[in-house]
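Here is the structure we will look at.
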Amino acid sequence: MQKLVVLSGAGMSAESGIITFRDMGGIWEQYDVTKVASPQAWEETPQLVMDFYNQRRKQLFECKPNKGHELLSQLEDTYDISIITQNVDDLHERAGSSKVLHLHGELKKARSTSDPSLIYTLDNWELKLGDLCEKGSQLRPHIVWFGESVPAMYDAENIMQEADIVLIIGTSLSVYPAAGLIHSAPGSAHIYVIDPGTPAFTPSKNITFIQKIASEGLEELINKLKN
Ligand code: OAD
């Protein structure tokens with residue numbers, strides 16, 4: 001089986017009703033990223049940070065995977081698929097994809113502020129100041145904030161190095177180190193980019209752009225791969 005490595009971003013979940021970050025009306029137009037998604041914000045205004053992620057988590061509990069997530073999951077019958085996602089939602093997993101690596105953390109998890117190895121799955125949307133880990137320390141959202149390192153990068157690079165085919169879907173490729181992952185793909189790998197916009201990408205002979213939303217772009221890709 002050929003190895004297909006997917007790098008997904010917010011656009012993958014847009015058809016599920018989750019707004020992206022940098023499109024018009026996106027999250028970072030509504031919020032100042034440094035005030036809700038940084039270690040400084042957590043130190044200075046933890047309630048504001050909690051409220052921001054509680055709102056996102058509440059919405060996620062109400063969302064379902066979309067056709068794009070489902071098509072990717074079904075493609076496992078034909079390809080050995082690994083998904084590297086910048087998304088903090090669990091929609092790839094809920095659609096049935098079996099290998100999903102989260103670069104930027106997971107919204108439905110919380111972790112200890114004193115011991116990062118203590119990670120807990122939340123069964124409801126609300127995480128509160130005063131919710132503690134088993135060692136008595138405050139729990140925080142299990143999210144990689146701006147300015148923090150990305151622990152999953154090493155595994156992501158190793159996965160990318162094995163790719164026969166790469167699919168970049170629904171990401172503006174504007175956040176590093178995630179956006180640099182593409183450089184870990186072997187030169188022989190063909191790269192497909194599905195996005196209705198124009199991600200920051202240097203065209204080369206190994207790249208095919210499919211300028212469509214995720215579900216429609218995936219249908220087109222599946223047809224292309226069949227031929
Ligand atoms: P962006 O909001 O930067 O980019 C979303 C991309 O999805 C854009 O290229 C859009 O054109 C595209 N898009 C919009 N609707 C789409 C659809 N229906 N189908 C397919 N594509 C669509 O989101 P990301 O690139 O994921 O990090 O952002 C990367 C990181 O920046 C996020 O993980 C988050 C954010 O700050 C953290 O919070 C750490």
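What follows is calculated from the coordinates using simple rules that are stated; it is not laboratory data. No experiment lies behind these values; they were computed from the predicted model shown. Here the Cβ positions follow ideal geometry from the backbone for every residue, glycine too, while neighbour counts run over all protein chains shown.
Structure values in brief
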| read-out | value |
| --- | --- |
| Cα-centre dipole for the chain with unit charges at Cβ (Lys and Arg positive, Asp and Glu negative), debye to 20 | 140 debye |
| Candidates Ile168, Ile27, Ile159: whichever shows maximal mean-square fluctuation once the chain is modelled as a Gaussian network with Cα springs under 10 Å | Ile27 |
| Highest-MSF residue in the chain out of Glu70, Glu93, Glu43 [GNM, Cα springs under 10 Å] | Glu43 |
| Stokes-Einstein D (µm²/s) once Rh is taken as the Kirkwood radius of the chain over alpha-carbon pairs, at 10 °C in 1.306 mPa s | 87 µm²/s |
| Inter-label distance for Ile222 and Arg22, nm, one decimal - labels placed 7 Å from Cα along Cα-to-Cβ | 2.9 nm |
| Calculated SAXS-style log₁₀ I(q)/I(0) at q = 0.16, 0.24, 0.26 Å⁻¹ - the stretch 13-88, Debye, Cα scatterers | -0.74, -1.16, -1.25 |
| Value of relative contact order over the chain, rounded to a whole percent, pairs C-alpha under 8 Å and six or more apart | 23 percent |
| Reach of Lys99 by Cα under 29 Å, taken over lysines that are not fewer than 8 positions away in the same chain | Lys3, Lys58, Lys64, Lys67, Lys108, Lys109, Lys205, Lys212, Lys224, Lys226 |
| Cα-centre dipole for the stretch 55-145 with unit charges at Cβ (Lys and Arg positive, Asp and Glu negative), debye to 20 | 380 debye |
| Helical contribution to [θ] at 222 nm, DSSP H n ≥ 4, -39,500 (n - 2.57), averaged over the chain, rounded to 500 | -8000 deg cm²/dmol |
| Compactness of the stretch 1-131, expressed as Rg and Dmax over alpha-carbon positions, Å | 15.9, 50 |
| FRET efficiency, Lys58 to Glu134 (Cβ-Cβ, R0 35 Å, nearest 0.05) | 0.85 |
